[in-house]
Amino acid sequence: MSSDALAPRAKSTGLHQGEAAPGCAKVDPILVADGVRRTFGGMTAVDVEHVEIPRGAITALIGPNGAGKTTFFNLLTGFDTPDAGSWSFEGRSLAGVSAYKVARRGLVRTFQLTKALGLLTVLENMKLGATGQRGERFFTSLVPGIWRAQDQAIEERAHELLARFKLDTKAADYAASLSGGQRKLLEMARALMSEPTLVMLDEPMAGVNPALTQSLLDHILGLKDQGMTVLFVEHDMHMVRHIADWVIVMAEGKIVAEGDPTSVMADPAVIDAYLGAHQDVDLGVVTGRVTGTPEQQAQAEAERLRLEAEARDEVEQEENR
Amino acid sequence: MDWSSILNQSASSIISTTTIAYALAAVGLGVHFGQAGLLNMGVAGFMAVGAYGYAISILTFGFPWWLAALTALFASVVFALILGIPTLRLRGDYLAIVTIAAAEVLRLLLLTVAFDDVTGSADGLFGFSGSFDESNPLPEGDYGFGPWQFNETTLWPVIVGAVLLTLSVLLVWALMRSPWGRVLRGIREDEDAVRALGKNVFAYKMQALVLGGVIIAAGGIVYTLGSNASPGVYVTSLTFFVYTIVLLGGAATIFGPVLGSIIFWVLQYFLSNLMPALVDAGVLPFMTANQAGMVRFILVGVGLMLLVVFMPQGIMGNKKEMTFVK
């Protein structure tokens, strides 16, 4: 919407040390994960050897459906427990820490399927986001004198944020009355009420119309301007290219590539895994689970198709006779 | 038909220990179901803990009535913790299964002859109102007006019950307008979202389960004040009566459960007097007076279904809420 959003912004650079490869070290990592693995029965959903998320930048986590992005999100935020691995946020281990404590440390997430609290008003949704509220404890909540002043301060901050997200006119409405895109905005604004240091957005653009997309993009860039670190999952390549400073690509639970948006999107492994240059090729070849190069796979596939066609022809000839 | 007697009987039920006891149970269930979204199907169990906790404390331990009441409330806290610790981490439906089972287990324990000397098994417990009657400050005489007629012994439990109900409603009101209540309503809507905002969802659900459980148990105490405790009362249908009351008044409201209880009991008395009278008057030739008296229970079931389908927000509930029901 604003003109500066149309003009490409300066990206944060110099985030990594050494070569940009999967698991490469960052100059100033805020989140570090080591050997995080999660299996569901026989299926390995996430198997991340090492990854570091750079501080103060916008990092995109991309990959095909089923790559394990959301599962990885759940593991990092305590909503799911990995089978193995360790991960730390700002140098403190998060392994075995429950979800609400993770949020209190400043790592706040949103959900792929928006979780607006429908039968609470938009303002109540916002106020719920604030942490350390005295009135949220059972016995102190009975004495309004203890929490009223704090509650009013929170309400003011909520109104400011709502104005920034252009939801201020909706403050008194039930969150259930908002449109899908507005709910995404509300969820993001609500997460900001807790004054996080790392915001993790799970598909912030899913189901949002193009007009709202631009304002969402501005908001995400705004988070970075305010010194927050952003990690988001997204399928919209245009958006990733537009706002991400760093891109991490996952496929079949593994991290297959890392780097700045331009170089990652030129990486053949990414094109294979995600953008679909070799649609016929088994993803396992790209991630190294199955031997063979993509070219060999493609040839094998072509051969298989040719043989099938020949077999069909033979059957037809038999029938004609 | 004697309309004045029927209407008189119905009106008298507006102020009675039964109505107050059910109102207390409904206020407690309102905290569970309406505010926190906890599907507690063991209302009868919580009431039984209150009633028997009170009666046993007096008969077996010789406590004065007020200490017995406190003991019963403490027992309901323990009951809530036992139910909550294993189930509140799971999805909501599991709480429903565990609470309905626990209430049945409790009822059967009260019914078994193995503990006859403590629980009185099928006969229940009676003759424990001495200490309560002694505490009665009311001078002897008749009180009340119109259909509401009491003497000093029947009015005293009503006063105690009304005080307990008022305190409970005030407590719930104070909690629900506070940020604590806001978190609870948030959990009702989506507990993962609230967890992601740094709230200890399990602790809140446990607090709500204990709070509501204590209020329901208070209902059980009021129900037995100055009368008796019988295992036949604390059956699963009691749970559904309380659900009907809560849904009638408005589950997510503070005063709705009280209003619901009054309407429920006025209707119950009205129907239980009207139906046999109709049979006697020859309007319903196909059933006996006894059968007609039972028809009201069928009507409660039908009423509950109609409520859930057509007016799930209840009488005092915000109609706007229903625009967005998923």
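Each value in this text was obtained by applying a stated rule to the coordinates, not by laboratory testing. It should be emphasised that the depicted structure is a prediction, and the values quoted were computed from it without experimental measurement. Positions of Cβ are generated from backbone atoms using ideal geometry, with glycine treated the same way; all protein chains shown enter the neighbour counts.
Numbers at a glance
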{"read-out": "Whole-Hz ³J(HN,Hα) from phi, Karplus 6.51 cos²θ - 1.76 cosθ + 1.60, for the stretch B:173-180, glycine and proline x", "value": "4, 4, 6, 6, 7, 8, x, 4"}
{"read-out": "Theoretical ellipticity at 222 nm over chain A - DSSP helices of four or more residues, -39500 (n - 2.57) apiece, nearest 500", "value": "-11500 deg cm²/dmol"}
{"read-out": "Global form of the stretch A:1-160, assessed from the alpha-carbon gyration tensor, a/c cut-off 1.5", "value": "prolate"}
{"read-out": "Hull volume in cubic angstrom per residue (convex hull over the Cα atoms of the stretch A:54-131)", "value": "136 Å³"}
{"read-out": "For A:Thr197, net neighbour charge (Lys/Arg +1, Asp/Glu -1) across residues whose Cβ lies under 13 Å away", "value": "+3"}
{"read-out": "Cα shape, the stretch B:216-279, gyration tensor, a/c 1.5 rule", "value": "oblate"}
{"read-out": "Proportion of all alpha-carbon pairs of the stretch A:119-177 beyond 19 Å (%)", "value": "32 percent"}
{"read-out": "FRET E, pair B:Asp192, B:Leu81, Förster distance 30 Å, beta-carbon r, rounded to 0.05", "value": "0.80"}
{"read-out": "Debye log10 I(q)/I(0) for the stretch B:166-272, one point scatterer per Cα, at q = 0.12, 0.16, 0.17, 0.21 Å⁻¹", "value": "-0.52, -0.86, -0.95, -1.26"}
{"read-out": "Gyration tensor verdict on the stretch B:241-326 (Cα atoms; rounded if a/c is under 1.5, prolate if a/b is larger than b/c, oblate otherwise)", "value": "prolate"}
{"read-out": "Rounded to 5, percent antiparallel among DSSP beta bridges of the protein assembly as shown", "value": "65 percent"}
{"read-out": "Distance histogram for the protein assembly as shown (every C-alpha pair counted, 10 angstrom bins, percent rounded to whole numbers)", "value": "3, 13, 20, 18, 15, 12, 9, 6, 3, 1, 0, 0"}
{"read-out": "Convex hull projection area averaged over all views, the stretch B:55-158, Cα basis, nm²", "value": "9.6 nm²"}
{"read-out": "Mean residue ellipticity (222 nm) of chain B, computed from DSSP H runs ≥ 4 via -39,500 (n - 2.57), nearest 500", "value": "-22500 deg cm²/dmol"}
{"read-out": "For chain A, radius of gyration divided by Kirkwood radius, i.e. Rg to Rh on alpha-carbons", "value": "1.07"}
{"read-out": "Karplus-derived 3J(HN,Hα), 6.51/-1.76/1.60, for each residue of the stretch B:159-165, Hz, glycine and proline x", "value": "5, 4, x, 5, 5, 4, 5"}
{"read-out": "Euclidean distance of C-alpha centroids, the stretch A:22-72 and the stretch B:43-79, integer Å", "value": "54 Å"}
{"read-out": "Net charge, A:Gly227 excluded, C-beta distance under 11 Å - Lys, Arg +1, Asp, Glu -1", "value": "0"}
{"read-out": "Å³ per residue enclosed by the Cα convex hull of the stretch A:66-177", "value": "156 Å³"}
{"read-out": "Debye intensity ratio in log₁₀ form over the Cα atoms of chain B, taken at each q of 0.07, 0.13 Å⁻¹", "value": "-0.29, -1.00"}
{"read-out": "Computed E for B:Ala289/B:Thr153 - FRET, C-beta separation, R0 41 angstrom, nearest 0.05", "value": "0.85"}
{"read-out": "For the stretch A:204-278, alpha-carbon Rg relative to the globular expectation (2.2 N^0.38 Å, N residues)", "value": "1.16"}
{"read-out": "Using θ = phi - 60° and Karplus 6.51 cos²θ - 1.76 cosθ + 1.60, couplings along the stretch B:304-309 (whole Hz; Gly, Pro as x)", "value": "4, 5, 4, 4, 5, 6"}
{"read-out": "Under 14 Å, Cβ to Cβ, from B:Tyr94 - net charge with Lys/Arg +1 and Asp/Glu -1", "value": "+1"}
{"read-out": "Cross-link pairs A:Lys224/B:Lys205; A:Lys11/B:Lys199; B:Lys199/B:Lys320; A:Lys11/A:Lys254 - those with Cα-Cα distance over 31 Å", "value": "A:Lys224/B:Lys205; A:Lys11/B:Lys199"}
